[in-house]
Amino acid sequence: MNDRLAVLVVAAEMVPFAKTGGLADVVGALPKALRGLGHDVRVAIPHYSRIASERFHLEPLLGPFPVPLDDQLIDAALVATHVTAGDDHIPVYMVENEYFYQRDGIYMYEDDADRFIFFCRAILEGIRQLGWRPDVIHCHDWQTAIIPNWLKTIYRTDPFFRDVACVYTIHNLAYQGVFGHRVLEIAGVDEYGFLAHPDTPHLNDVVDLMARGIHFADVINTVSETYADEILQPEFGEGLDPMLRDRRDRLYGVLNGIDTELYDPATDGAIAMRYDRNRLEGRLACKAALQQLARLPEHRATPVIGSIARLSDQKGVDLICQMIDPLLRNHEVQLVISGTGEQRYHERLIELRARFPRQLAVFFTFNAPLSRAIYAGCDMFLMPSRREPCGLSQMVALRYGAIPIVRATGGLADTVRDFDPGTGEGNGFAFTPYDAMALYATIVRAIEAFRYRGVWQQLMVRAMGLDYSWAASARRYVDLYQRARTVRNDAPTPLRD
Ligand code: GLC
């Protein structure tokens with residue numbers, strides 16, 4: 001293939017190695033789809049201690065080599081493994097450094113800036129040593145945002161990196177990686193100074209890595225079209241909207257897909273009974289299994305609403321907590337929640353669970369088998385997010401025949417169309433104003449529709465037939481990679497040069 005691209009995907013998380021959120025799913029699945037289109041894709045992540053060498057067949061690839069950090073040279077090594085995509089292999093390179101990555105967690109350390117800047121620098125120096133030059137580096141979120149910054153500054157005239165284009169994907173603008181001036185020295189870009197933009201005075205004396213990704217990347221995208229529009233407004237821009245508006249000619253929205261092999265009720269070994277859109281009996285068995293697991297009465301006619309989410313405002317947990325009492329008092333419905341997060345929500349949910357033991361089950365945990373039991377067993381799936389760049393759970397829920405109830409924002413607006421009982425169109429239930437009454441009314445509409453077995457079955461069958469695979473989105477990423485290569489020459493010059 002003539003236009004076969006070499007693409008290096010750099011990120012802090014990747015399924016199946018290390019995951020805290022949807023970023024890991026995307027980095028696990030997109031490369032497979034790109035490989036399917038014939039491109040040479042490789043992925044780089046840090047080697048955290050949780051990634052066991054034997055289990056994941058890690059092999060040494062590159063011995064210790066010096067990586068500049070601050071005014072020092074610190075050794076890194078690369079180990080390699082691969083993930084399979086059909087008959088193909090996708091190489092995965094992991095950056096090793098005992099001090100930085102041999103820790104229990106992934107983030108939330110005081111030296112996170114150093115840890116991720118080191119990771120980024122080590123992978124760039126590592127591929128140089130390997131002699132593998134990508135056409136495009138695809139960076140994700142603040143942890144890797146220093147790379148576009150470097151490509152336009154310290155590596156700009158470097159013969160190895162001169163022609164490498166860079167795409168920067170924003171998964172969540174709420175986490176920007178904001179640090180002090182020292183980080184510029186650590187990253188070796190202090191001579192270029194702070195980012196100065198007349199409308200973002202708050203950036204004048206901090207280092208906001210996300211902002212740097214946006215400022216320096218050849219092409220920027222976020223994970224749904226609606227979120228790409230939303231973040232241009234102050235309400236969603238998290239302080240970076242002026243900068244995003246400046247770069248809107250390079251800003252795109254590309255909806256994530258889901259890994260349809262990994263999430264398939266017809267082959268899922270973790271659920272009580274497999275099923276598909278032509279054999280829905282299995283779904284009833286899964287519902288009964290979920291009710292058992294949640295210690296709720298095994299009533300087939302009672303709608304079960306599921307929720308799997310970080311217990312935070314972003315996910316609309318405040319709305320859920322506000323409407324639980326009236327909903328459970330007035331309706332024969334069960335609610336199964338899985339997640340961890342803010343303490344106040346833990347407390348509130350414990351209190352509510354004590355009051356409604358036959359209707360509310362809460363698992364203060366987050367794990368794959370439980371999630372699958374919920375997707376397969378609940379009738380409706382709740383996602384009233386305040387903000388949702390894309391959201392993957394609603395797509396998984398649809399594939400498992402759980403009908404989503406969502407707030408129409410970001411990717412939720414792009415994937416869930418409100419059910420219209422008149423025409424029978426739609427694939428879920430959606431509302432717009434961020435308020436508990438609107439959520440309540442929407443749940444009641446869903447409960448009402450659930451009573452009509454034929455109507456509900458039609459909704460389920462339609463939901464399960466929708467295509468949220470990566471195929472279409474991977475093609476759009478290839479377009480972005482090509483565009484990045486075209487526009488890179490008129491990208492902004494360094495701040496002071
Ligand atoms: C972040 C966003 C979520 C998105 C995911 C993957 O976690 O909050 O909406 O689906 O990234 O892009």
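The values are calculated or read from the model by the stated rules, or taken from the named source; none is laboratory data. Note that the structure is predicted; figures quoted are calculated from it, not measured. Here Cβ is always computed from backbone atoms with ideal geometry, including for glycine, and neighbour counts include all displayed protein chains. When the accessible area is computed, the model is the full protein with side chains, heavy atoms only, and any ligands, DNA or RNA have been set aside. Shrake-Rupley method; radii C 1.70, N 1.55, O 1.52, S 1.80 Å.
Of note:
- Only protein heavy atoms count here; under a 1.4 Å probe, residue 299 has an accessible surface of about 90 Å².
- Solvent-accessible surface (1.4 angstrom probe) belonging to residue 355, in square angstrom, nearest 10: 120 Å²
- Rounded to whole Hz, the Karplus (6.51, -1.76, 1.60) HN-Hα couplings of the stretch 287-301, x for glycine and proline: 5, 4, 5, 5, 4, 5, 4, 8, 6, 10, x, 7, 10, 5, 7
- Looking at the stretch 281-466, the accessible area is 39 square angstrom per residue; that uses a 1.4 Å probe and ignores ligands, DNA and RNA.
- Annotation: residue 98 carries an accessible surface of approximately 150 Å², with a 1.4 Å probe and no ligand, DNA or RNA atoms counted.
- Paramagnetic label zone (point 7 Å from Cα along Cα-to-C-beta, residue 331; backbone N under 16 Å) in the stretch 258-302: 301-302
- Extending 7 Å from Cα along the Cβ direction at residue 57 and again at residue 466 yields two label points whose distance is 3.6 nm.
- Between helix 471-487 and the chain: long-axis angle, C-alpha atoms, 0 to 90°, nearest 10: 30 degrees
- Listed values for the stretch 148-154 are Karplus-derived 3J(HN,Hα) couplings in whole Hz (6.51 cos²θ - 1.76 cosθ + 1.60, θ = phi - 60°), namely x, 4, 5, 4, 9, 10, 5, and x replaces Gly and Pro.
- Separation in nanometres of the label points that stand 7 Å from Cα toward Cβ, at residue 72 and residue 182: 1.2 nm
- Under 5 Å, built H, 5+ apart or other chain: amide partners of residue 67: 74, 75, 76
- Close amide-amide hydrogen proximity is noted between residue 255 and 225, each under 5 Å apart and 5 or more residues distant or on a separate chain (H modeled in the peptide plane; Pro and chain starts excluded).
- Remark: accessible surface ordering of 485, 329, 417, 115 (largest first) is 329, 417, 485, 115, probe radius 1.4 Å.
- Residues listed by number, the stretch 147-175, amide nitrogen under 18 Å from residue 486 label point at 7 Å toward C-beta: 164-168
- Computed from backbone phi with θ = phi - 60° and the Karplus coefficients 6.51, -1.76 and 1.60, the 3J(HN,Hα) list for the stretch 317-331 is 5, 5, 5, 4, 4, 5, 9, 4, 4, x, 5, 6, 5, 9, 9 Hz; x is used for glycine and proline.
- The apolar share of the surface of the stretch 387-497, taken as the fraction of accessible area on carbon and sulfur atoms (1.4 Å probe, ligands and nucleic acids excluded), comes to 50 percent.
- Percent antiparallel among DSSP beta bridges (both partners in the stretch 281-466, rounded to 5): 5 percent
- Rounded to 0.05, the FRET efficiency of the residue 160 and residue 475 pair, given R0 = 22 Å and the Cβ-Cβ distance, is 0.15.
- Stretching residue 98 away from residue 190 to a fully extended chain increases their span by 30.5 nm, per 0.36 nm per residue minus the current alpha-carbon distance.
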